[in-house]
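Contents: one structure, followed by commentary.
The values are calculated or read from the model by the stated rules, or taken from the named source; none is laboratory data. Keep in mind it's a predicted model, so treat the numbers as computed, not measured. Neighbour counts run over all protein chains shown; Cβ positions are idealised from the backbone, glycine included. Just so you know, the surface numbers come from the protein's heavy atoms only, side chains and all, with ligands and any DNA or RNA stripped out. Shrake-Rupley method; radii C 1.70, N 1.55, O 1.52, S 1.80 Å.
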Amino acid sequence: MIDRRRVLEGIGTAALTVGALVALASPGGLAGGLGLIGRAEAQTVDTAKLMAPGPLPDQVLGKADAPVTIVEYASLTCGHCAHFHETTYPVLKEKYIDTGKVRFILREFPLDIVAKAGFMLARCAGEGKYYPLTDTLFETQKSWAFGNNPAQALLAIAKQSGMTEQQFNACLNDTKLAGQIDETTKLGAGFGVDSTPTFFINGKKVSGAMSVADLDKELAPLLGN
């Protein structure tokens, strides 16, 4: 489990210049070493506080009146997060989100500067493009997160989503957005998030990349199955 203090010390409100992004992300460095998983003891947080408006508007999938709300705190450079989104998330979406049983929210908890840049780009991508871009970033994580030039790799992905290089640079230099992502991370830590991915299922904390079987087990009693 990562020390929560290290995460909070590692984030800053400065925007991410492309030069800083390249300089601080090296193979085997911070971006490469923080794919974490662990099972925590059952813990429940106050759902009213968890769902209160934060620094950034939640990106919500599913019906507003779904009986179950899942909030995931993830880092785009976390290997276990990518594994969840490649294996379990498609089932979650088809079986539970698209059928109106689950409302899903992904919140930013970047463990390094490269993940923070990816989240900033997802926020800048435009209406309806947050999840398509984060899905792409999880699916292609190995190709952009841990190489010698993550900025160039991220630019290529951003362009595929319709962003120009000028928009890309402006996004990574958006000081306000950088600070809002930092605040989102700090709030997550306040709810007890100390590794990624961490989920809150109707307020119950579940740490680690859930398998489909894990997901079904957690949701069954909440859905009367």
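By the Cα gyration tensor, region 80-149 has an equivalent ellipsoid whose semi-axes, rounded to whole angstrom, run 23, 14, 10 from largest to smallest.
Output the peptides 88-98, 106-116 sorted from most to least packed, where packing is the average of other Cβ atoms within 10 Å over each peptide's residues.
Working: 88-98: 17.1, 106-116: 26.4.
Per-residue mean Cβ counts within 10 Å order the peptides as 106-116, 88-98.
Taking only alpha carbon atoms, region 82-225 gives an Rg to Rh ratio of 0.98, where Rh is the Kirkwood radius. Taken over region 140-225, the percentage of Cα pairs per 10 Å bin, counting from 0 up to the bin with the maximum distance, is 14, 26, 31, 23, 6, 0.
Checked against a 19 Å cut-off, the cross-linked pairs 93/129; 101/204; 95/217; 116/142; 142/205; 49/205 give Cα-Cα distances beyond that limit for 142/205.
Counting only protein heavy atoms, what percent of the accessible surface of region 88-225 is carbon or sulfur at a 1.4 Å probe?
Numbers: 2660 of 5360 Å².
Looking at region 88-225 in its full context, I get 50 percent from C and S.
Applying both filters, DSSP loop and at most 15 other Cβ atoms within 10 Å, to the GluC sites (Glu not before Pro) of region 121-225 gives 127. For the pair residue 86 and residue 56, the difference between a 0.36 nm per residue extended length and the Cα-Cα distance amounts to 8.3 nm.
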